[in-house]
1. Let me spell it out: the conditions are (1) surrounded by 14 or more Cβ atoms within 10 Å (Cβ to Cβ); (2) in contact (Cβ under 8 Å) with a residue 12 or more places away in the chain, and residue 172 meets all of them except one. Which number is the exception?
2. Which one of these is touching a helix residue (DSSP H, G or I) at 6+ places or on another chain (Cβ under 7 Å), closer than 30 Å to residue 152 by Cβ, in contact (Cβ under 8 Å) with a residue 12 or more places away in the chain and crowded, with 16+ Cβ neighbours inside 10 Å: 37, 50?
3. Among the residues of region 223-259, write down those that are closer than 21 Å to residue 132 by Cα and part of a helix (DSSP H, G or I).
4. I'd like the full set of residues that are outside any strand (DSSP E or B) and closer than 11 Å to residue 81 by Cα, limited to region 20-48.
5. Go through the residues of region 277-288 one by one and say whether even a single one is more than 21 Å from residue 146 (Cβ to Cβ) and not in a strand (DSSP E or B).
6. With the structure loaded, tell me whether residue 15 is assigned to a helix (DSSP H, G or I) and farther than 30 Å from residue 260 by Cβ or whether it fails that test.
7. Of the residues 247, 202, 211, only one is under 20 Å from the mean Cα position of the chain (by Cα), surrounded by 13 or more Cβ atoms within 10 Å (Cβ to Cβ) and either under 30 Å from residue 32 (Cβ atoms) or assigned by TED's automatic domain parsing to the domain that holds residue 166 (or both); which?
8. When you go through (1) out of contact with any strand residue (DSSP E or B) (no Cβ under 6 Å at 6 or more places or on another chain); (2) over 30 Å from residue 156 (Cα atoms); (3) surrounded by fewer than 19 Cβ atoms within 10 Å (Cβ to Cβ) one by one for residue 82, which number turns out not to apply?
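The values are calculated or read from the model by the stated rules, or taken from the named source; none is laboratory data. Keep in mind that this is a model prediction, so the values were computed, not measured. So basically every Cβ, Gly included, is an ideal-geometry build from the backbone, and we count neighbours across all protein chains shown.
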């Protein structure tokens, strides 16, 4: 993913400044400076690991700890399994414990939650997408976690592609007027040559769906539609504009995903996989025997 390391370094350095500050005073006052230890990070629940590249950066850039990654990003860890082993300064291990776990638990939670949706629709040929509902500064890491969980990424940001939403339609006058302004823009030819570029229209009823079909837009987003209307809309798009990709979005959860997948849209985008994913429970433990 483009420039992910730049974003990773920025957010990690901020996290270290925020949490460590001038140092871990508890560890400094209770543990000898030359005390060495072995430790491990274990999974306390089954799940997909993500965020190990963050842990790798923290240990490489900020410590002298020796470590071995046993479960890579995108791999499955079972409850009780060791995902990383480390050996080094006990103070350093404990100083960076919470920062490492915060990233690893959050991102592994996203990967695991995404994978639950992916497995639910695996027999229907439907792709699971993320959205822009990510924590500020964490977008590339969270979207990588979606990939680790088997999902795919929607546009990375407002700069990446065109999505004509409800308020754009209101401000422009109609879907057609908004689309014609885009197509007539001197920027359009240049933008349309980018491999990740597309024009998508958000629709809420059959009239809007029909209007978008006539225009022949790249993708139509069916937003917050009940299943009956969604089914009619999908049938209409397949008939009028068969080359147009169909995406469904709006309050999708594990209870509703299967009924939507059965309607055979191309893609389902789910904000919950980033903004509401439960963390994956992981723990860092020092071994009982310390090496002095």
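1. Tallying (1) surrounded by 14 or more Cβ atoms within 10 Å (Cβ to Cβ); (2) in contact (Cβ under 8 Å) with a residue 12 or more places away in the chain, residue 172 fails exactly one: (2).
2. Working: 37 fails: closer than 30 Å to residue 152 by Cβ.
Testing whether each residue is touching a helix residue (DSSP H, G or I) at 6+ places or on another chain (Cβ under 7 Å), closer than 30 Å to residue 152 by Cβ, in contact (Cβ under 8 Å) with a residue 12 or more places away in the chain and crowded, with 16+ Cβ neighbours inside 10 Å leaves just 50.
3. Once the filter is applied, which keeps residues that are closer than 21 Å to residue 132 by Cα and part of a helix (DSSP H, G or I), region 223-259 yields only 257.
4. So in region 20-48, the residues outside any strand (DSSP E or B) come out as 20-35, 44-46.
Result: 44, 45, 46.
5. Yes, the conditions are met somewhere in region 277-288.
6. yes
7. Values: 202 fails: under 20 Å from the mean Cα position of the chain (by Cα); 211 fails: under 20 Å from the mean Cα position of the chain (by Cα).
When all the criteria are applied, what remains is 247.
8. It fails just one condition, (1).
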